[in-house]
Number of protein chains: 4
Amino acid sequence: MHALVYHGVGQKSWDEVPDPRLQDDFDAIVGIEAATICGTDLHILMGDVPEVTPGRVLGHEAVGVVEAVGSAVRSVQPGDRVVVSCINGCGICRFCRQGRYGQCLGGGGWVLGHLIDGVQAEYARIPFADTSLYRLPSSMSAEAAVLLADILPTSYEVGVLAGRVRPGDTVAVVGAGPIGLAAVMTARLFSPAHIIVIDPVVSRLDAAKRFGADVVVANGPTQPEPADLVMDLTGGLGADVVIEAVGKPETFELCTRLVRPLGHVANIGVHGAPATLHLETLWTKDVTITTGLVDTSSTAELLGLVANRQIEPNPLVTHTFALSEVMTAYDVFSRAGETGALKVVMTKEHVAS
Amino acid sequence: MHALVYHGVGQKSWDEVPDPRLQDDFDAIVGIEAATICGTDLHILMGDVPEVTPGRVLGHEAVGVVEAVGSAVRSVQPGDRVVVSCINGCGICRFCRQGRYGQCLGGGGWVLGHLIDGVQAEYARIPFADTSLYRLPSSMSAEAAVLLADILPTSYEVGVLAGRVRPGDTVAVVGAGPIGLAAVMTARLFSPAHIIVIDPVVSRLDAAKRFGADVVVANGPTQPEPADLVMDLTGGLGADVVIEAVGKPETFELCTRLVRPLGHVANIGVHGAPATLHLETLWTKDVTITTGLVDTSSTAELLGLVANRQIEPNPLVTHTFALSEVMTAYDVFSRAGETGALKVVMTKEHVAS
Amino acid sequence: MHALVYHGVGQKSWDEVPDPRLQDDFDAIVGIEAATICGTDLHILMGDVPEVTPGRVLGHEAVGVVEAVGSAVRSVQPGDRVVVSCINGCGICRFCRQGRYGQCLGGGGWVLGHLIDGVQAEYARIPFADTSLYRLPSSMSAEAAVLLADILPTSYEVGVLAGRVRPGDTVAVVGAGPIGLAAVMTARLFSPAHIIVIDPVVSRLDAAKRFGADVVVANGPTQPEPADLVMDLTGGLGADVVIEAVGKPETFELCTRLVRPLGHVANIGVHGAPATLHLETLWTKDVTITTGLVDTSSTAELLGLVANRQIEPNPLVTHTFALSEVMTAYDVFSRAGETGALKVVMTKEHVAS
Amino acid sequence: MHALVYHGVGQKSWDEVPDPRLQDDFDAIVGIEAATICGTDLHILMGDVPEVTPGRVLGHEAVGVVEAVGSAVRSVQPGDRVVVSCINGCGICRFCRQGRYGQCLGGGGWVLGHLIDGVQAEYARIPFADTSLYRLPSSMSAEAAVLLADILPTSYEVGVLAGRVRPGDTVAVVGAGPIGLAAVMTARLFSPAHIIVIDPVVSRLDAAKRFGADVVVANGPTQPEPADLVMDLTGGLGADVVIEAVGKPETFELCTRLVRPLGHVANIGVHGAPATLHLETLWTKDVTITTGLVDTSSTAELLGLVANRQIEPNPLVTHTFALSEVMTAYDVFSRAGETGALKVVMTKEHVAS
C-alpha cells in the first residue's frame, strides 16, 4: 500500500510500504476512506516530538472501513464504516475504567502516527479497536466524520467541558485556528450569551464570526490589550470561561488575564515552552486552570450531535484532496496563513486533480 | 481602648485609640476575647500589602462577645459569644449569593485589618456581621475557636475541598507551617490513605507527623528531589492531590511535578512573585490547578466538627499571651524558626507574665 | 388600592383594600405593572392550600416599579423597574447561604400570596427585597419579564438543572401545560437531541412542537402506552431525563417507566396525593429522582438569556388583560381546555375592553 | 468438583458437578478459597428471582486463585490470588465505559449465581475477568477480602457515595443487618458528625454501635416514631443523608420522613413490592432519591482502604465454615435472628467440625 512516511526532521514522502497486519487480538485493520492532517503532524515534522522516529507512518485522524478484526474485538466487524479516534485505550487500567483513555496506562493513549504507524495511508492497524472505532451512519459524509477523530472531541472535552461552559456565560476563546473554531462551535451546545474570539489574523476572526462568535478581537503588538475589551464587556469582571487554543506562553498568559474571579481557564493549546503564571495576582482569584489530552470519551455523543445536525462541522473543511495528494495537502495546510486552510481532508474517493 | 496599630513598614505599636462605633446598619461591635496573628500580618509589616495604610489596626482572626449590633443585623445579638471570620460578605452580590464571600463585589471580602480596622484590639467593628460572626458554644475554648476565623476554613476550602481529596487518596502537602498542618488535619476528614508532607525544617516535619502525616520529606538544596520519592510511593504516577502551603515559585513548581495525571494542585500559599508553569509537560497531563481566597463558607460545618471533637485544632496553638502582650506575640510568631511557634493567641483572660 | 382578595374556598373578588406599607427594614413596596396567575392560585381557590386564609391578597408573580424601600435594602431603589420573584430568602440562614431560597429557614420561601398578601394588586409589600427583586432593562416587555417571576426559573431549576439535561440527551416531558412548555424551552439551552412531550390534549401537543419538542405523544385511556414509544425511540433504554410537569400519581408513575437506567426523573408537578414508587423494578436501575421548590437562584441568568433573546418566552402568554380585569383573567385561565390559555397576564397599561 | 446447586424453590444441595471450563476468550477459571452467602441467595431460594433455574450453582461473592485465563484476559494470570466481584462488565458498552458495570448492556452485570453458575463451589468460571477480578495482597485474610466482592462496594457506592455523605453530616441508616452495618462503616470515611441507626432488633443495634453508630433507635409497632427522634436530634430539619438498608415499603417510607429538605435518600434495599412515595409533602422538599445496583467500580479503592486498615471489615464475619459445610452455613445465615449471624464465610482452609 501507500502511506505518508516520516523520514526525519522536515522529511516525508508518499511511499509504498507493506500492508499492516493484525498483531494482537484487540487489533483491527481499517481501509482508509478519509484522513486529515493535524497541527501536531506539523510539530512532528519540525522535530518537536522526538518519540516519532524515521520510518513512521503519520496521521491519527481517519474514517474508513473495517477490513479485519482480532479475535477479542467485539464492537465492530469487517465491513463496518467507522471513525478512527486519535486515542486508543486499553479499557482496563485505572484511568480507562473512568473513560480517561488519553491517560491510558496499558499501552494506549495517543499512539497512532506517534508510537506506531498512523492513518495517512491506504490501510492502518488500529490497536484496542473497541475503544477507538465508532460505527458511522452511511449518510454522514467522510469530511464531517473525520472531524470526530480528534478536533471535535478535543475542543469539546478539553475546552468546553473542562471549562464548564454554562448557559448565559461569556466565553473567551484565544486562537481562531481550527481547534479554536471547533471550540466556538461546541461551546454553543451550552448556550453561552457571548463568545469572544481573539486572534491576530483578520480572516480567522471573520471565520470565527461565521462559526458563532459574537465579538472578535484582533490582538498583536500594535493592538490594544484584549483584556481591556473583555473587562469592558463583562462589567469589569472578566470572562466566565477562557479557552486557550494556541499553545504559546503569551496566549496562555493572556487567558489568565481575561478570566473572572471564580472562572475557568481551559488549556487546549499544545505547548512547547513554559508560561509564566502570575500567582502574585491569581492566588486570591479563585481560578481553576485545566490542561488535558483528549480522551475521545465524548465521541459517541458528538457523533449523535453531528448526525442530528446540532453540530455542522463541514465548514471546518476548507480543502479536499485525494489520498495520493497528501504531499500537496500538507503544503496547503502548512501555509494556512496564505491558503486560508482550516482542515484539509484527503479522501479515497477524491479524484486527484 | 488599646489596639495594635500599623505605622508604616516595620512599625507597629499597642496604642490607645478611640473605641469603634457602629457605622452601618449591618455592623456589629465585638469585644475581643482572643485574637491571633496571621502570616499575612507579617507581610503587611514588610510592606507587601500596600493597601494597608499607616494608622490601621491590624488583625483579622478573633473570638469575642457581641457588644452592639446595627438595626439590620439578624443572626447575632449583644451578649453572644462569636468567632469573627476573616471574611465579610455583603450577602447579596452575585458571588455572595453563591456563598463565595471571599470574592464579594459589594464591599466585603477581606477587609478587617486590611481596608478597615481589625481585631488585634480590645474592640472591633465588624461589617456585614451576619456573614462574618458565628455563635460559639460556651464549652469551646477561645484557643480552638479562634482557629475557625481563618486557618481552618482556609486550609479546608482552598486546600482540601478545592483539591477534592477523597478516601484512599495520596495527598501531598508542600509546606508544614500552620496552614500546611491545618491542611493535613482537615484532609483527614476524607480518609486519604497517605499524607506526605514536604518541608525543609525537621521540627516542622515532626509536627506534621503529629498532625497526621504518615510520610514526611525534607526538601532543600542538599536533599534529593521530593518528586522522586513521591513517584516511588505512588507507583510512578504522582499524588492525587497536591496542596501548596508556602507561597514561593519553587514550591508551586514542585507541586506541579508531584501531581499525577488527572490530579489536582490546590494553591493556598500567598504568592508575591510569578511562578513558572511547565505547560510543555503539563499540557497533556489533565491536571487541575486551583487558587483561592477563603470564603469562610465552611465555618459552620467546621465549628460543628471542632465541637464534636472530630477536629482537634488546639495543638496548632503553641503560645498564649495577654492581648496587651501582642508586641511580644508578634516577636515570637515572626521568629517561628527559633521559637517553634505555629499559632500564637492573645487572650483577654491571659494574665500578662 | 385594589387587589384580588381570597374569601374562602371558591370565593374571590377585586376589592378596595388598604395600601401596603413598609413593615420591616428589608421590605420594599412595589407598584405593580403586570401580574400573572399560577396554577397554584387555582389550587388555593379549591381549598388545597389551607395556610391561605380568607382576606389574603393572592398572586406571587409580578413586574413593577419600586415605590419605597426599607433602610436595609441595598440592591434596588425607588424608581427601579423590577421582576418580583415568587420566592423570598432571608439571605442568612443555612439554606439561603447556598442560594436555596425556596427552603429558607428565616421567614422566607414562598410567602407572597400565601402567608402574606400577594401581587395581584396595585401595590405589594415584598419582604427580603434584596433576594426577591431583580432590576429589568426598560426594553424588556412586561409580558416576557413576568415569566421570570416563577415559571421560567421553576422549569429550569427544578426540571432542567435538577434533571441534569446534557447535549445529545433524549428528554421526555410529561405534561404540556405552561410549566411543561417552559421546561421544553429551557431544556433546549443544553442542546438535547430529542425532546418528547406527552400530554392527552392535542392542542397542547401542537404547542409543544412550536416550543421545540420534536416528538409528541398523546396519552390517555385509549392510547398506546407512551413508554413503548419512548423505548422504541431510545433503543429500548428509556429517556435520559424525564420531567414531571403535571402533578398526578399516574403521570409521576409514567415518568418512572420512561427513564433509562442511570437516568433522572425531575419532578416539577404540584402533587396533592401520594404516588406509587415501583421499587421492585427501580431498585436495580440506578435512577435519581428529585423534587423541588424553585429557589429563583437562576433568575439573573435567565433574565440575561431573555434579554439576549436566547429564550423567547412571549409565546407562553396567550391572553392579556387590564389589572382590573383579573376576575375575567382567572376565568379564562381556569378554563384553559376551552380557551387555550397558557399564561394570562394582567397589566396596568392594558386598557380594559 | 462440588458445588451448592439450586434445585427449585426451597431446594439446594452440595452436589458433585462437572468442573467449569473456559468458554470465552474473556473468561477466567478461579479455584475458590472462600465464599459467602448473600441475602439475595435466600431470596433465590424463596423463589423471588425467577431467572434462576434449577441446576444453577449459587453464589456471587468469593476469593480464590486464578487457575486459567482466556486469551483476551490481560489483568490477571494463573496463580494470582483475587477477589471475585459480584458484577462483571463487558467493558465496552455505553455504561461500562463510564464504569457503571452494574448496568452493563453487553452481557455483564449481575450474572454469577444468577444467569450462570456461581461461586459457592470449588471452582468457578468468571466471565469478563478483567472487570471482575482484583489481585489481593497475600497479607489480606480471605474473610476480609471476600467482603470486597459485594457488601463493601454496595454499601459504599449505592449508599454512601450516592447519598453524598459529607463531613459533619447526620446520616441515618435504616436497617442494621450486614449491609446497613457496612454502610455505617464506609460512611465514616467521610467523617459524618452523627450516624443514627434504626432497627427493630436490639442485638443489631448493639452491633451498630460497635461499627460506629453514635445513636441507635429501636423501631417497631410499640416504639415511638423514629422520625420524631431524628427531628429532635437535627433541630427539626431531618437527616442530611438517609440510607435504606432493608428493602420493605415501610422502611423506605420511613426514610422519606427522616430526610431533611435538600437531603438525600439512598436506597440499597432489595425490594419486592412497591412503596408509597408521599409526593404531596415531598414535592416542595428538594429531596434526591437514588436507587442502584453496585458497579464494583470502587473495589480497587476499597481494597486499598482495607489493606491500609482504614476499614476493618472482619467483625462483619460472625461465622466461618468449611466450603463443604455450606448447607450448615446457609442454615446459620438464614436464622440470623437466633444465631446472630452477619456474614458467614465458607473457606477451603477451614477444617470441617
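Can you pull out the residues in the range B:243-254 that are more than 10 Å from chain A (Cβ to nearest Cβ) and without any contact (Cβ under 8 Å) to a residue 40 or more places away in the chain?
Filtering the range B:243-254 for residues more than 10 Å from chain A (Cβ to nearest Cβ) gives B:243, B:245-246, B:250-251, B:254.
B:Glu250 - this is the single residue of the range B:243-254 that is more than 10 Å from chain A (Cβ to nearest Cβ) and without any contact (Cβ under 8 Å) to a residue 40 or more places away in the chain.
Taken together, the residues in the range C:8-32 that are within 28 Å of C:Glu349 (Cβ to Cβ), open to solvent by 40 Å² or more (accessible area, probe 1.4 Å) and touching a residue at least 24 places away in the same chain (Cβ under 8 Å) amount to 5.
For beta carbons closer than 6 Å, sequence separation of 6+ or different chains, a first residue in the range A:127-145 that is within 10 Å of A:Ala307 (Cα to Cα) and a second that is of a type in the set (D, E, K, R) and open to solvent by 10 Å² or more (accessible area, probe 1.4 Å), the qualifying pairs are A:Leu136/A:Arg81. Note on the range C:255-278: among residues that are surrounded by 23 or more Cβ atoms within 10 Å (Cβ to Cβ) and more than 25 Å from D:Gly99 (Cα to Cα), the one that is farthest from the other protein chains (Cβ to nearest Cβ) is C:Cys255. Each residue in the range D:194-220 was checked for being open to solvent by 20 Å² or more (accessible area, probe 1.4 Å), in contact with an Asp or Glu (Cβ under 8 Å, 6 or more places away or on another chain) and among the small types (Gly, Ala, Ser), and 1 pass. A single member of A:Gly59, A:Gly39 is in contact (Cβ under 8 Å) with a residue 24 or more places away in the chain and open to solvent by 10 Å² or more (accessible area, probe 1.4 Å), and it is A:Gly39. Comparison of A:Thr284, A:Thr339, A:Thr318 shows that the only residue that is surrounded by fewer than 17 Cβ atoms within 10 Å (Cβ to Cβ) and either within 9 Å of chain B (Cβ to nearest Cβ) or over 29 Å from C:Leu189 (Cα atoms) (or both) is A:Thr339.
Selection of the range C:112-132 for residues being more than 14 Å from chain B (Cβ to nearest Cβ), out of contact with any helix residue (DSSP H, G or I) (no Cβ under 9 Å at 6 or more places or on another chain) and open to solvent by 10 Å² or more (accessible area, probe 1.4 Å) yields C:Leu115, C:Ile116, C:Asp117, C:Tyr123, C:Arg125. Of everything listed in (1) open to solvent by 10 Å² or more (accessible area, probe 1.4 Å); (2) within 10 Å of the chain's Cα centre (by Cα); (3) closer than 19 Å to B:Val165 by Cβ, the single unmet condition for D:Pro178 is (3). Among residues that are within 26 Å of A:Ser85 (Cβ to Cβ) and free of Cβ contacts under 8 Å to residues at least 60 places away in the same chain, A:Val332 is included. Could you please let me know if D:Ala172 is part of a helix (DSSP H, G or I), open to solvent by less than 20 Å² (accessible area, probe 1.4 Å), among the aliphatic types (A, V, I, L, M) and at pLDDT 95 or above? No, not satisfied.
Looking at B:Ser334, B:Ser324, B:Ser297, just one residue is open to solvent by 10 Å² or more (accessible area, probe 1.4 Å), closer than 22 Å to B:Leu147 by Cα, within 11 Å of another protein chain (Cβ to nearest Cβ) and polar (S, T, N, Q), and that residue is B:Ser297.
Got a number for residues in the range D:65-81 being on the phi < 0 side of the Ramachandran plot and either within 20 Å of the chain's Cα centre (by Cα) or open to solvent by less than 60 Å² (accessible area, probe 1.4 Å) (or both)? Within the range D:65-81, residues that are on the phi < 0 side of the Ramachandran plot and either within 20 Å of the chain's Cα centre (by Cα) or open to solvent by less than 60 Å² (accessible area, probe 1.4 Å) (or both) number 11. Checking each residue in the range A:221-254 for being open to solvent by 50 Å² or more (accessible area, probe 1.4 Å) and of a type in the set (Ser, Thr, Tyr) picks out only A:Thr222. Given the criteria aliphatic (A, V, I, L, M), over 23 Å from the mean Cα position of the chain (by Cα) and over 21 Å from C:Thr291 (Cα atoms), does C:Ala239 qualify? Criteria not met by C:Ala239. Only one of the numbered conditions (1) part of a loop (DSSP other than H, G, I, E, B); (2) open to solvent by 10 Å² or more (accessible area, probe 1.4 Å) is not met by A:Gly163, and that is (2).
Checked against the criteria, C:Pro50 does not count as surrounded by fewer than 22 Cβ atoms within 10 Å (Cβ to Cβ), assigned to a loop (DSSP other than H, G, I, E, B), touching a strand residue (DSSP E or B) at 6+ places or on another chain (Cβ under 6 Å) and in the same structural domain as C:Tyr6 (by TED's automatic domain parsing).
The values are calculated or read from the model by the stated rules, or taken from the named source; none is laboratory data. Not measured: the values here are computed from a predicted model. Please note: Cβ atoms are built from the backbone with ideal geometry, for glycine as well, and neighbour counts cover all protein chains shown. For the accessible areas, the whole protein counts, side chains as well, though only heavy atoms, and no ligand, DNA or RNA atoms are used. Shrake-Rupley method; radii C 1.70, N 1.55, O 1.52, S 1.80 Å.
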